[in-house]
Amino acid sequence: MKLFKLMIPIIMLAIAPAMAKENTGAPLSWQQVRERVMADSPALLRDKKSLETARYSYLRSYAPFLPQVSLSARANQSDSGNGNTKNYSYGANGSLTLFDGFADVNAVRSGEIEVFIANAQHERTLSSVLYEARKNFISLLWAQEAVTVSENILKRKNENLELVRLKYEAGTEDRGSLLRIEADTLQAGYELEKARRYVYSASCRLAQSMGYDVPDDFTVFTVAGTLQAGTPPAGYNVRKATEKTPEYRVAALSLRKAVINGNAAKSGFWPQLSISAGISRGAEQWLSAEGGWETGLSLSYPLFSGGRDYYGLKIARAAAQSAEISLRETAQTLFASLTASLNDLLDAHGSVTVRKKYLEASTEQSRITTEKYINGLATYQEWYTIENDFISAWRALLSAQRDAALSEAALKNLAGDTENN
């Protein structure tokens, strides 16, 4: 017994924080974490470049509606046996497509749709990145609470150990009961050590979400908040939520783009009309006034292209039909996923309510049974069972609160809700 008494302080020293420094600054709120993620997340920074590319491509699609102007200059020297001859020439040419079968108009429309698609995809990336950070924030918050709970449990186990030891020394309890309580105390110390290690792991994951590098002397974050999850608004409309998701919008926009591409494929069956103009100067003297100008109007019609335009139109129509099927499939999948995620959140809320009631009952039952055990009115087995039920209820409530918070974050992420996540 003396050996075990000496082990308790050693256990407490061993489970003291050793893996990382504790952050002595103010705890981070979720809003602070969110702002840092949005500013420095590599995934978001990379995705913003893709969005810029789509916008530049859209602006480039307007080029055919503007004149195409070019300048040219040439200097030539030759020797025909009668002496050197030098010639200089320069000029300017311009052209403008007046009609190309609506290909350019549809190219602009397609480019605009690409920007909308890129925006929707960026919202999905933003939602996913925030969801990952939110999960890590909740995990760290839960880990901090788990350390507090584990500390209280260890304290309670030590009190129980002293109680059973007094009964053992008084001859009213057997040695097996004492050994079992000693083992429980060691287990509680291990659980506290494990919880503190998990704080370090969760802090590292949160740092990664915020774009931090994790050095060897990494300082553990502390976060502020509660594991209280909000409930969905009454009458949550899954169908409307489905149509607001980035995936559904991308699928709907892809269908619109496929229809536009189908219209663009018809351009090969239309004539093409363009206008051009040019001016040139050339002589043996540089900047000579000799020269001329020309203008022209060109009309062409493709009579036969080897079936390219015909089959191009067939391909575009098939692509539009495929996009329509994909939209319907996407809607069905998202509706089912959102329904399941909504039910998971409602189940998690119900579990928290039940676990709170269990903890309330276990707390009162433990208090009453402990008093009976002290006064010899309850057996060791009765007291031990109820005491363990109380500790299990304590941990179960904390886990249920974490699961509810994670379920809420998962529903918001699936719905693409970046404003409230």
Considering Gly211, Gly230, Gly235, which residue is over 22 Å from the mean Cα position of the chain (by Cα), assigned to a loop (DSSP other than H, G, I, E, B), at pLDDT below 90 and among the small types (Gly, Ala, Ser)?
Gly235
Pairs, please: C-beta under 7 Å, at least 6 apart or cross-chain, first residue surrounded by fewer than 21 Cβ atoms within 10 Å (Cβ to Cβ) and of a type in the set (D, E, K, R) and in region 228-255, second modelled with pLDDT under 95 and in a loop (DSSP other than H, G, I, E, B)?
Lys244/Gly416
Among the listed residues Ser29, Ser61, which satisfies the condition of being closer than 30 Å to Gly211 by Cα, of a type in the set (Gly, Ala, Ser) and modelled with pLDDT of 85 or more?
Ser29
Suppose the filter is among the small types (Gly, Ala, Ser) and surrounded by fewer than 20 Cβ atoms within 10 Å (Cβ to Cβ); does Ala393 pass it?
no
Kindly list the number of the only condition in (1) touching a residue at least 12 places away in the same chain (Cβ under 8 Å); (2) assigned to a helix (DSSP H, G or I); (3) within 48 Å of the chain's Cα centre (by Cα) that fails for Lys155.
(1)
Would it be correct to say that Leu313 is farther than 25 Å from Asn87 by Cβ, modelled with pLDDT of 85 or more and either part of a strand (DSSP E or B) or not hydrophobic (A, V, I, L, M, F, W, C) (or both)?
no
Checking Gly262 against (1) of a type outside the set (Ser, Thr, Tyr); (2) buried (at least 17 other Cβ atoms within 10 Å of the Cβ); (3) at pLDDT below 90, only one condition comes out false. Which one?
(3)
Only residues that are aliphatic (A, V, I, L, M), over 16 Å from the mean Cα position of the chain (by Cα) and in a helix (DSSP H, G or I): list them for region 375-418, please.
Ile386, Ile391, Ala393, Ala396, Leu397, Leu398, Ala400, Ala404, Ala405
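The values are calculated or read from the model by the stated rules, or taken from the named source; none is laboratory data. Every value quoted in this text rests on a predicted model; they were computed, and no experiment measured them. Note: ideal-geometry Cβ built from the backbone for every residue, glycine included; neighbour counts use all protein chains shown.
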